[in-house]
Structure formats: structure tokens, C-alpha cells
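Working notes for the structure below.
The values are calculated or read from the model by the stated rules, or taken from the named source; none is laboratory data. Computed from a prediction, not measured in an experiment: that's the story for all the values here. Methodologically, a virtual Cβ is constructed for each residue, glycine included, from the backbone with ideal geometry; neighbour enumeration extends over all protein chains shown.
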DNA sequence: GTCTTCAAGTTGTACTATACAACCAGAAAC
DNA sequence: GTTTCTGGTTGTATAGTACAACTTGAAGAC
């Protein structure tokens, strides 16, 4: 294979990755909404992050998801209203509110995770294990890229 | 490797795919907005589809992206107002409007494609060709799954 | 042929997610 | 002790979306 062949093939692959990731993104919210109307994609990811980290600050959520802090503030307010998260003032710093899941939050998160997992598994049912593992690794690698927060106009 | 090992490994991979796809989806719109403010992710994908197909009906767009037809109607109206698409009545069926890119639409789509491609390429710069090709194939395979339109509560 | 039903698209309405700007309250730096 | 920084909330505006009701034309049923 010549260098030109290689670069053409890479070029095609990059195009395809871009196109397919975009299609996926376009569809994700809609299908999440239909899969579990009780918990939007945003809420789901925020709760998931809280569970994974065992609680964190609103600012951490904003940074991780490249969201404005006002957005997080409102989302969290909604989740608190729904009784899914609770906040405690940080004893070390009175400005900080440590967020954590409530029991109800843990419960609903687990339910949604189950239903999402079932949907994903159905979709991936006939993939060989080797491909699943590799696909997961590619996605992780792809996402391990620093996102710039909103307003950071670089 | 035992069957139990295999299923655990698959389980982990499915979880990771779900999680990473979700993170990606959460970030995509925001980064698209920062990458090319003149063309939202939605508009970009719609224009891209028109280019790829060489024009199509609004209903086709709705089906392909799992959007409500009203959403597509408004999006297309905006694109038409912006002079990026034009519609002609279908000679075979007066209800149908065939959509297609204008020259301006083609032009801006090409520009945005260039800038998106550059961003993706930067991000994927140190991936070996083999991995790019495989990753692209996985994504295509993943997305080749029938989406259900909104309102189809199955 | 007329009538009913179906399909494509538009419009009214409402809601969610989002950003940006202005602000407030504590903490830290000097 | 000011000034500056950081975490968070609130006001306001916008985009994207869905659902329902409607219009118009096509296609079948009889």
C-alpha cells in the first residue's frame, strides 16, 4: 500500500467517524426521551456522574459536561425539586454545595440504567465480544479529549 | 477464558459504549456551536443529507433523523429563508416539495465541512490508520439500526 | 363519480436545554 | 481591610423539539 492509499483511507475513515458521530448525536436525545420519559438525557448523565463520583460540586458537573454553570444550577434545582439529589453545604467552604444522590435518585437511576442497558444490549446483541471491547475502547479514547467550556472562545 | 469471563467483559463493554456515546451526545451540540456558529448541528446535518441524496422530501429528513415533521418543516423554512435550500413542487405529487441545496447552501456546507474535518482530524491525529478504519466501521454498524420516529410509542 | 381515508406539510402552542450577563456571598491574596 | 477570585443563582433570550389541529391533495372503496 502506498502512502497515498493510506492517506485516502484515513481521510475516508475520518469523514465517516465525523458523519456517524453526528448522526448519533442528533438521534440520542430523542431516543433517550422515548426510552425513559421520566428522566431526560441530561438528568440521567448528571445523576450518573454523581453516582460515579459519590457526590461532587455543581462546578465539577459544569466542567465535565462543558455546560454553563447556570445551566447546571437549574438542572440541579430541578433534580432537587424532584427529590433525586440533595445538597449539603461544604463544611470547609461555605460557598460550595456538595451534591449527592438521594435514595430515590439512586433508585430511579438504577431503573433507567437497566432499561438503557437492555436497549443497548439488544442493539449490540450480534456483535462479537472482541468488537464490543474494541469499540468501547475507541469511544473512550475518542472522548478523552479536553472539551472547552462555553464562553471560552479560543 | 470461561463463558462467565466473556459475559463480564461484554457487559463492561456495553456499559462503556453506552456511557461514552452518551457523553459524546451531550457534548456534540455545544462543540458544534463553537466550531461553526453560522450553522447549527441540526442545519448542518440536514444540509449534509440533502447533498448526499441530491435532494429529498421533508418527510425523508424527518424519518432519517427521527424528528417530527413539524420540526423539519420549521428547520427547512429557516434554511430556505437563509437562502441555503430551495423547494420545488414535485411534478408527480402536488403535496410533495422536493428540497435541494442552493449554490449558497452548497458553499457554506463545504466550508463547515472543512472546518469540522480539521477539528476531527486534529482530534484523531495520532490514531493509527487501522484503528480509524475500524472505528468508522463500528460507528456505521452501530448507526445502521432502525430509529423509531417520535410519537411511535412502541 | 363521489366519498372516505391516507399522506405531506404548516401553524399554534408549550416546554426543555441552553447561554450570557448581572448579580450575591464567601474565600483568598495582598 | 480592600480587592480580587470562585461558586452559585436569577433574569432574559434563543433554539430545538413535540404534539395537536388543520389544509390540501392523492388514492381507494363502492
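For region A:36-63, which residues satisfy the criterion of being within 10 Å of another protein chain (Cβ to nearest Cβ) and either closer than 24 Å to residue B:42 by Cβ or within 12 Å of DNA strand C (Cβ to nearest atom) (or both)? Spell out the reasoning first.
Kept after step one, since they are within 10 Å of another protein chain (Cβ to nearest Cβ), are these residues of region A:36-63: A:37, A:41-42, A:44-46, A:48-49, A:52.
Of everything in region A:36-63, those that are within 10 Å of another protein chain (Cβ to nearest Cβ) and either closer than 24 Å to residue B:42 by Cβ or within 12 Å of DNA strand C (Cβ to nearest atom) (or both) turn out to be A:37, A:41, A:42, A:44, A:45, A:46.
For region B:72-120, filtering for residues that are within 14 Å of another protein chain (Cβ to nearest Cβ) and either in a strand (DSSP E or B) or in contact with a strand residue (DSSP E or B) (Cβ under 8 Å, 6 or more places away or on another chain) (or both) leaves 1. Tallying residues that are away from DNA strand C (no atom under 11 Å from the Cβ) and within 29 Å of residue B:144 (Cβ to Cβ) within region B:87-101 yields 2.
Beta carbons closer than 6 Å, at least 6 apart along the sequence or on distinct chains, pair a first residue in region B:86-112 that is over 15 Å from residue B:46 (Cβ atoms) with a second that is at pLDDT below 90 for B:96/B:90. Listed conditions (1) more than 17 Å from the chain's Cα centre (by Cα); (2) away from chain A (no Cβ under 11 Å); (3) in a helix (DSSP H, G or I); (4) away from DNA strand C (no atom under 11 Å from the Cβ) are all met by residue B:18, apart from (2).
For region B:73-86, what are the residues that are crowded, with 17+ Cβ neighbours inside 10 Å and within 7 Å of DNA strand C (Cβ to nearest atom)? Spell out how you get there, then give the answer.
Restricting attention to region B:73-86, the residues satisfying the condition of being crowded, with 17+ Cβ neighbours inside 10 Å are B:75-76, B:79, B:84-86.
Scanning region B:73-86 gives a single hit, B:76.
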